[in-house]
Amino acid sequence: MKIVLKAGGMLADYLKPDPVTHAREVEAGEGQTLRQILESIGVPPGHVAMAFVDSNIVHLLYVPKEGEVVTLRPPVQGG
Amino acid sequence: MGDALATQREGTMLKGFGGSSLRVNLRTGQVQRRPLDPAFARAWLGGRGYVCKVLYDEVPRDADPLGPLNRLVVSPGVMSGNFGPTGSKCCFGAVSPLTGAHGDSTVGGHFGPELKFAGYDLIVFEEIAQGPVYLFVDDDRVELRDASKYWGKGTIEAEEMLKHDLGEDFEIAAIGPAGESMVTFACIGHDFGRQAGRCGVGAVMGSKRLKAIAVRGTRSVPIHDLPGLKELTMGVIKRTSTHPNMAPWQKFGTAMFVGWSNEHGVYPTHNFQTTYFEPYAGIDGQPLVDKLLVSNKACSGCWMNCGKYARVTLPEKPTIHVEGPEYETGSLCGGNCGFDKIEEVAYVNWVCDQTGIDTMSGGGFVAFGMECYEKGFITREQLEGHELRWGSVDDFEHFVDMIVHRRGIGDWFARGIVYAAGQIGHDSIRFTAQVKGQGMSGYDGRGAPAMLLSYMTADIGAHHNRSWTITMDEDLGKAVIKGKAKVVVYLQHIRPFFDVVSCCRLFWGEVDVTVEEHIEAIRLMTGWSDFTLEEAMRLSDRLWNLNRAHFLERNGGPGRKHDYPPARFYEEAVPSGPGKGARLTMEDLDVMLDEYYAARGWSRDGNPSREILEDLGLPETATRLETLDLLGPLMAPLPEVRGERYKPKAF
């Protein structure tokens with residue numbers, strides 16, 4: 001199945017999304033957690049401070065659904 | 001006084017600036033307005049830059065921070081109040097009663113822009129008033145007014161009263177009872193919940209019997225190339241509005257990082273005893289938004305709205321409104337004090353705001369008291385029959401009241417955590433979470449060595465805004481010691497730059513607004529077509545060295561002896577959670593300090609060398625240090641560029 005990951009900041013170095021939409025469509029296996037998906041495409045989960053689906057926080061153990069847009073964000077740069 | 005000043009505006013034609021400075025003698029009541037010197041403006045830019053220069057030049061090295069010879073300096077920098085990206089800040093500075101040397105703290109909101117609209121880039125307060133006063137600034141009309149009716153009122157209450165009396169369109173900066181009683185970590189509050197929180201600037205304001213500053217400005221700031229600036233700013237707004245990081249920031253603000261910090265083994269828990277707080281989910285950003293949020297809140301001209309205005313109801317407590325909790329409060333007044341409900345954290349946040357103490361040092365110092373109580377080093381009798389238990393709102397509130405009104409052992413804490421530890425004894429200094437007297441920010445450096453080095457070497461004591469490295473520590477390895485110091489130096493130049501020009505650092509760190517765009521904005525504001533990033537970084541380097549010299553002149557040398565953290569941070573391993581086992585040694589700290597001093601062009605003792613000071617145009621500072629035997633020999637060849645960028649996108 002396909003899902004869409006969005007990221008900016010330092011995470012864009014790893015995700016390599018479209019520079020305008022910040023989005024990248026990726027292939028994910030059924031039942032794969034967000035952590036497994038990130039590892040499979042070379043995005044270090046340790047750099048993902050949190051993830052959002054429909055503006056709600058989800059965790060790295062979250063299992064995305066087909067077509068879902070998951071926004072990743074890096075940790076705060078220290079407030 | 002007001003009539004004398006109500007004359008034609010004296011400002012220069014400097015573009016991007018208000019054009020004038022004010023010097024207020026609180027003892028005589030005299031207020032002088034002077035045009036801003038263009039050479040001074042370019043050399044020091046404003047904000048933290050002006051504060052640093054004024055304090056170094058004017059405050060005698062033996063002056064009591066709470067005495068008449070200290071200065072309270074207020075300055076919005078060049079970007080504040082201009083139509084540029086996120087120029088909303090204002091810097092407050094003084095010789096700090098916590099660290100005994102240069103202190104500065106920057107607040108967002110609307111105060112800085114309003115000062116610029118009134119025509120002022122700098123206010124210097126001297127001496128001590130006979131009785132409580134506030135400074136009234138209404139464009140050219142500047143007066144010291146009686147503040148008796150506001151004295152004793154909480155910070156938020158005083159702001160409400162002044163707005164009621166003067167008008168909603170006045171912006172207020174005020175202290176609370178903690179500032180009035182010169183609690184060394186008292187802050188200056190503004191905009192109902194924002195603070196110039198660190199370094200005890202509120203205590204200095206209180207020592208001068210200055211309750212508040214009220215300002216209304218009705219003019220605009222002259223801009224060199226307004227169409228060009230508009231194009232740049234609108235482009236930044238358009239681009240960042242759809243940035244993927246923007247929506248989470250708008251929804252949760254900084255509070256969302258409690259969980260991340262906890263999962264990464266750096267979240268201070270129970271006075272930094274460990275770095276994992278099991279019930280963290282109750283105080284993360286999600287419950288703040290779900291349970292307490294009333295509305296988002298923004299600084300002047302900002303489209304991020306990261307401030308969260310909350311309504312809190314707790315049994316047997318008044319219903320209160322508070323801005324926050326932000327991450328730092330959510331850590332230091334959260335798990336660090338054992339609070340596991342967002343309502344509790346928000347309530348003690350309000351207690352700190354209203355009394356006028358910094359939630360960071362305040363939370364950290366109360367947590368130290370809680371550990372002392374747990375260990376039996378503080379007795380119930382010393383607490384006026386109360387306790388000081390982890391997670392007790394009543395105990396927290398009562399203890400803060402003892403501190404603010406300096407009752408019993410509250411007076412020890414009011415003087416600072418190092419003083420309190422000295423009075424408590426039992427070698428409790430070893431588990432104080434501070435460097436140079438300043439309470440640590442909400443990250444435990446045992447799980448992030450470069451973060452600990454950042455605390456150790458920060459010019460104002462253990463504060464994260466000078467350098468924040470946890471991403472790099474994650475990336476290069478948490479156990480890696482070598483090779484990180486140069487990045488700390490780089491961050492200590494780039495991050496305080498935003499406090500010099502008075503704009504928000506978050507847009508740079510969070511939504512990819514580049515430093516180059518800020519530099520271009522300054523060119524468009526001022527007309528300084530030759531202004532470069534190199535010049536800005538060189539100023540940051542100059543300020544860092546000047547502050548180091550200031551610290552050594554006032555506290556003695558060698559510098560190295562001041563740079564070590566308490567023993568907990570190099571003797572104890574983290575006992576639980578994802579960071580379990582993380583531990584640093586004294587040898588690790590020395591390796592990092594050696595690298596750091598070499599990268600700065602200092603001596604092995606941590607004293608600046610003549611070579612670095614002359615390179616930065618500070619030969620007189622070198623001579624001052626030499627006279628005091630505080631000048632150090634270079635330990636390595638002077639680096640041509642101090643600091644090293646780690647990863648462009650990351651920092």
Taking only DSSP H segments of four or more residues, each worth -39500 (n - 2.57), what value at 222 nm results for chain B once the sum is divided by all its residues, to the nearest 500 deg cm²/dmol?
-> -11000 deg cm²/dmol
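Going by how many other Cβ atoms sit within 10 Å of their own, how do A:K16, B:K15 line up, fewest first?
Details: A:K16 13, B:K15 19.
Placing the least packed residue first, the sequence is A:K16, B:K15.
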Note the direction-averaged projected area, equal to a quarter of the hull surface, for the Cα convex hull of chain A, in nm².
-> 4.9
Could you name the lysines in cross-link range of B:K89, using Cα to Cα under 16 Å and dropping any fewer than eight places away on the same chain?
-> B:K116, B:K297
Please give the peptides B:21-30, B:211-220, B:446-455 ranked by average Cβ packing (other Cβ atoms within 10 Å per residue), highest first, as a rough proxy for protection.
-> B:446-455, B:211-220, B:21-30
Figure the gain on full extension for B:M13 and B:H164 (residue separation times 0.36 nm, minus the Cα-Cα span) and round it to one decimal in nm.
-> 50.9 nm
A correct Karplus calculation of ³J(HN,Hα) over region B:106-115, with 6.51 cos²θ - 1.76 cosθ + 1.60, θ = phi - 60°, whole Hz and x for Gly and Pro, returns 10, 10, x, x, 9, 5, x, x, 5, 4
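Mind scanning A:K6/B:K486; A:K2/B:K580; B:K15/B:K53 and naming the pairs with a C-alpha gap bigger than 28 Å? Don't skip to the end; give the middle numbers.
Values: A:K6/B:K486 32 Å; A:K2/B:K580 37 Å; B:K15/B:K53 21 Å.
Pairs exceeding 28 Å: A:K6/B:K486; A:K2/B:K580.
Lys and Arg at +1, Asp and Glu at -1: add these up for the other residues within a Cβ distance under 14 Å of B:I223 and post the number.
Values: positive: B:K15, B:K116, B:R219, B:K230, B:R523; negative: B:D225, B:E231, B:E520.
Surrounding charge for B:I223 is +2.
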Please state the equivalent ellipsoid semi-axes for chain B: what are the square roots of 5 times the Cα gyration tensor eigenvalues, largest first, in whole Å?
-> 33, 30, 25
Taking only the alpha carbons of region B:522-593, what extent do you get along each of the three principal axes, in Å, biggest first?
-> 56, 36, 18
In whole Hz, what ³J(HN,Hα) sequence does region B:623-639 give by Karplus (6.51, -1.76, 1.60; θ = phi - 60°), x for Gly and Pro?
-> 5, 4, 5, 4, 4, 8, 6, 10, 8, x, x, 3, 8, 7, x, 5, x
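How long are the three semi-axes of the equivalent ellipsoid of region B:2-216, in whole Å, if each is the root of 5 times an eigenvalue of the C-alpha gyration tensor, listed from largest down?
Working: eigenvalues 102, 78, 57 Å².
Ellipsoid half-lengths, sorted descending, are 23, 20, 17 Å.
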Residues whose built amide H sits under 5 Å from the amide H of A:V58, excluding neighbours closer than 5 in sequence, are A:A51, A:F52, A:V53
Whole-Å distance linking the alpha carbon centroid of region B:447-474 with that of region B:88-162 is 30
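GluC sites (Glu not before Pro), restricted to region B:138-247: which are DSSP loop and have at most 13 other Cβ atoms within 10 Å? All intermediate terms of the calculation are to be shown ahead of the outcome.
Details: sites: B:E143, B:E157, B:E159, B:E160, B:E168, B:E171, B:E180, B:E231; in loops: B:E168.
When the GluC sites (Glu not before Pro) of region B:138-247 are filtered for loop state and at most 13 Cβ neighbours within 10 Å, B:E168 remain.
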Size of region B:248-438 along its principal axes in angstrom, Cα-based, largest extent first?
-> 48, 35, 31
Computed FRET value (nearest 0.05) for B:K482 with B:E58, which takes r as the C-beta separation and R₀ as 41 Å = 0.50
What residues from region B:199-237 fall in the zone where the backbone N is under 11 Å from a label point 7 Å along the Cα-to-C-beta line of B:R145?
-> B:213-216
Within a Cβ distance under 11 Å of A:Y62, other residues only, what is the Lys/Arg minus Asp/Glu net charge?
-> +1
Distance in nm between label sites at B:Y419 and B:S576, each 7 Å beyond Cα in the beta-carbon direction?
-> 3.4
For an R0 of 30 angstrom, estimate the FRET efficiency from the Cβ-Cβ distance between B:D225 and A:V63 and round to the nearest 0.05.
-> 0.05
Using only Cα positions of the protein assembly as shown, each an equal point scatterer, no hydration layer, compute I(q)/I(0) via Debye at q = 0.05 Å⁻¹ and quote the log10 values to two decimals.
-> -0.22
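Restrict the search to region B:314-382; then list the GluC sites (Glu not before Pro) that DSSP places in a loop and that have at most 11 other Cβ atoms within 10 Å of their Cβ.
Values: sites: B:E316, B:E323, B:E326, B:E328, B:E343, B:E344, B:E371, B:E374, B:E381; in loops: B:E316, B:E326.
Here the GluC sites (Glu not before Pro) that fit, given the DSSP loop and packing criteria, are B:E316.
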The aspartates and glutamates whose Cα lies under 18 Å from the Cα of B:K482, excluding any fewer than 8 residues away in the same chain, are B:D473, B:E474, B:D563, B:E587, B:D588, B:D590, B:D594, B:E595, B:E644
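No value in this document is a laboratory result; all are computed from the given coordinates. Everything numeric here is computed off the predicted structure, so don't read it as measured data. Here Cβ is always computed from backbone atoms with ideal geometry, including for glycine, and neighbour counts include all displayed protein chains.
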